[in-house]
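This report refers to the structure that appears directly beneath it.
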Amino acid sequence: MTYKFRISLTDKDVTPEEIFLARRRIIASATAALAASALPSIARAGKHDTSGDVTPEEYATSYNNFIEFGAGKSTPSERAGKLTVKPWSVQIGGLVERPGDYNLEDILKAMRVEERIYRFRCVEAWSMVVPWRGFMLADLLKWAGVKPQAKYVAFETLYRPSEMPGQKSSRVDWPYREGLRLDEAMHPLTLMATGMYGKPLPKQSGAPLRLVVPWKYGFKSIKSVVRITLTEHQPKTTWNELVPEEYGFYANVNPDVSHPRWSQATERRLGGGFFSRRKRTRLFNGYADDVARLYEGMDLRKFY
Ligand SMILES: Nc1nc2c(c(=O)[nH]1)N[C@H]1C(S)=C(S)[C@@H](COP(=O)(O)O)O[C@H]1N2
Ligand SMILES: [Mo]
């Protein structure tokens, strides 16, 4: 089988980077422990207390997927620096009561920004635990007013090849697109992040505004969002269009449904060090109590 675009890596491919990162590990974990204890106001989201194993910040911000800045794990942090993130506007449209081109600063004045520590699981079987800062997507959608016919939410990333060199590749039909069913978008766990580790979002992490859906594979958590459209029909999404048999629309984390090229039963925590044990992957990335009801009637053993 050939793939139009291949960025998925196996552990074998990333070994040198892991060894490189391991050298800086001791300093990094000390910093993370400090960061975690310095954030007493963090909403630990009840039973989801993951604060004890927050991923060291420098791993979460130097090992990234952001194909607008190239296909490598370090290319986003190396190249995203020149991205202009201010001013930033978000166009909200489609089936909404108050469509418009909103300045991010005006949106933020209307939103309640909070801190949340979430697990994050990439489809490539690496994972991390990140203290995000952001607001509930539900609040933004209510603010814009969702019309009754709306059933899905479509998202688009900025298209600006002059600042995003990866967009010069024609293998992807830019901009990067993602989507959620409306009930997933309205779920209280679904976050629009504006920061992480108590600071504004770094550019490689999707500044100034990204989606975070903690129970789905990471590719759903679209970065640097400039357009949100409420639709009646399921929107087209970038990875699903590129390689439909590997990247579903739902993409809920599930240890029992293998990726066609590797198992999803276990995962490797970023920053854990080269010799650390893999962790067992949990259904819905550990958020099943909160989200399983959204998928009643769906056969979870199937690939969606
Ligand atoms: N616009 C855009 N959003 C994106 C991506 C991307 O390439 N472009 N990569 C996705 C993938 S595959 C993952 S795993 C996460 C990675 O987020 P992180 O780099 O902050 O860990 O971003 C997601 N959002
Ligand atoms: Mo990913």
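The values are calculated or read from the model by the stated rules, or taken from the named source; none is laboratory data. Predicted model, so just to flag it, every value in this text is computed and none were measured. We place every Cβ from the backbone using ideal geometry, glycine too, and count neighbours over all the protein chains shown. These area figures cover heavy atoms from the full protein model, side chains too; ligands, DNA and RNA do not enter into them. Shrake-Rupley method; radii C 1.70, N 1.55, O 1.52, S 1.80 Å.
So the values come out like this:
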| read-out | value |
| --- | --- |
| Paramagnetic reach from residue 82 (point 7 Å along Cα→Cβ, amide N under 19 Å) across segment 156-170 | 158-170 |
| Volume of the Cα convex hull of segment 161-269, divided per residue and given in Å³ | 140 Å³ |
| Mean Cα-pair separation over length for segment 11-295, i.e. relative contact order, pairs under 8 Å, 6 or more apart, % | 21 percent |
| Reachable lysines, given that their alpha-carbon falls under 24 Å from the alpha-carbon of residue 147 and they are not under 8 places away in the same chain | 109, 220, 236 |
| Among 248, 272, 235 - extreme Cα towards positive end, dipole of segment 235-288, charges at beta-carbon | 272 |
| Extension gain, residue 53 back to residue 149 (0.36 nm per residue minus Cα-Cα distance, nm) | 30.4 nm |
| Förster radius 41 Å - calculated FRET efficiency between residue 275 and residue 110, Cβ distance, rounded to 0.05 | 0.30 |
| In range of the label at residue 169: residues from segment 64-84 whose backbone nitrogen is under 18 Å from the point 7 Å along Cα→Cβ | 64-81 |
| Heavy-atom surface of segment 11-295, accessible at 1.4 Å and reported per residue (Å²) | 42 Å² |
| Where the Cα pairs of segment 11-295 fall when distances are cut into 5 Å bins, in % | 1, 5, 12, 17, 20, 19, 14, 8, 3, 1, 0 |
